[in-house]
1. Show me the ranking of peptides 208-215, 175-182 by mean Cβ neighbours inside 10 Å, starting with the highest.
2. Helix 63-77 versus the longest principal axis of the chain: what angle, 0 to 90°, nearest 10, using Cα atoms?
3. Please determine, in degrees from 0 to 90 and to the nearest 10, the orientation of helix 13-24 with respect to the longest principal axis defined by the Cα atoms of the chain, where the helix direction is its Cα long axis.
4. Straight distance only, please: which lysines reach the Cα of residue 128 with their own Cα at less than 23 Å, same-chain residues fewer than 8 apart left out?
5. Size of the dipole of the range 72-155 about the Cα centre, Lys and Arg at +1 and Asp and Glu at -1 on the beta carbon, nothing else charged, in debye to 20?
6. Out of 67, 152, 170, any idea which swings most in a Gaussian network model of the chain, alpha carbons joined below 10 Å?
7. Highest mean first, how do 53-60, 72-79 rank when packing is the count of other Cβ atoms within 10 Å averaged over residues?
8. How many angstrom separate the Cα center of the range 1-27 from the Cα center of the range 143-170?
Amino acid sequence: MKKTVIITGGTAGIGKATALKFAQNGFNIVTTSRSEEKANKFMEEFKQLGFEATVYKVDVTNEDQVEKLISDTVEKYGSVDVLVNNSGIAGEPKFFAHTSKNNMRDMIETNVMGLYWGMRYGILQMLKQPTKGKIVNLASIAGLNGIEYGGEYGATKHAVVGMTKGAAVEHATSGITINAVAPGSILTDILNDVIASGSMTAEELGTIHPMKRTGTVEDIANAIYFLSSDECPFMTGVILPVDGGYTAR
Ligand SMILES: NC(=O)c1ccc[n+]([C@@H]2O[C@H](COP(=O)([O-])OP(=O)(O)OC[C@H]3O[C@@H](n4cnc5c(N)ncnc54)[C@H](OP(=O)(O)O)[C@@H]3O)[C@@H](O)[C@H]2O)c1
């Protein structure tokens, strides 16, 4: 039977590349966008590539909408085999305490609470399924190290690391694996905003890595797919850096 993956915020960037990777491997694709325009553009592109996807309108800061995302997916496809908690925001690219007061709150609502709702309702659903499931969260190198212009963002990504490890240990004997990827700099909208703000150039974002370049969305999608596959049944609570050597220093 075809497996089903939910990827939050998967109509652009890393999420979109991940949706394509899973589609190429025969999964039913469910993703989300708050924007009808982004959803339509994504579905059209997907169709042209010969794939289909279901896109629900979900704001991950809204608990009810996340709970409904899980129940609607189960109603349509029967199960949630893989959940990729990908939605996230970078906030204002400024030094710690130079940002507006709402910056931290907004990031906590999206990156921490949004991911928490996904994990909560994802785990509750997977526990009911005979085949259980796999969860992959989007952390960041800013969740493992200190990054300039990323103090507040880093705090939210350290929370993602904590939730991933804690939930993984708690559910280790349940048949559910919970892991995270920690990307380095990948040139998506999140970093295009940083570049547009003048805080860092695209070149500088690349040179922070020992490999002296930025990564690609496919680099991250491949790692997410691996952590969701049957190739790593003994891995849980892992925070996998995909960062051109950044965290090896
Ligand atoms: N790019 C990098 O260098 C990098 C590095 C480390 C970690 N990451 C992490 O990777 C993940 C994906 O980021 P990306 O680089 O692919 O950036 P992106 O293209 O901006 O994608 C982020 C997605 O998050 C969704 N999103 C934001 N707020 C949301 C909300 N309140 N509710 C639902 N969805 C929301 C957006 O979807 P809609 O607007 O369509 O709703 C958007 O498509 C994020 O968690 C990010 O922190 C990225």
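Each value in this text was obtained by applying a stated rule to the coordinates, not by laboratory testing. All values derive from a computational prediction rather than experimental measurement. Note: ideal-geometry Cβ built from the backbone for every residue, glycine included; neighbour counts use all protein chains shown.
1. Working: 208-215: 16.4, 175-182: 24.8.
Top to bottom by mean Cβ count within 10 Å: 175-182, 208-215.
2. With both axes taken from Cα atoms, the answer is about 40 degrees.
3. With both axes taken from Cα atoms, the answer is about 30 degrees.
4. Filter leaves 2, 3, 68, 76, 165.
5. Working: 8 positive and 8 negative charges, 54 e Å.
Using Cβ point charges on Lys, Arg, Asp and Glu, the range 72-155 gives about 260 debye.
6. Highest fluctuation among the options: 170.
7. Numbers: 53-60: 19.2, 72-79: 15.8.
So the peptides 53-60, 72-79, ranked by packing, come out 53-60, 72-79.
8. 24 Å
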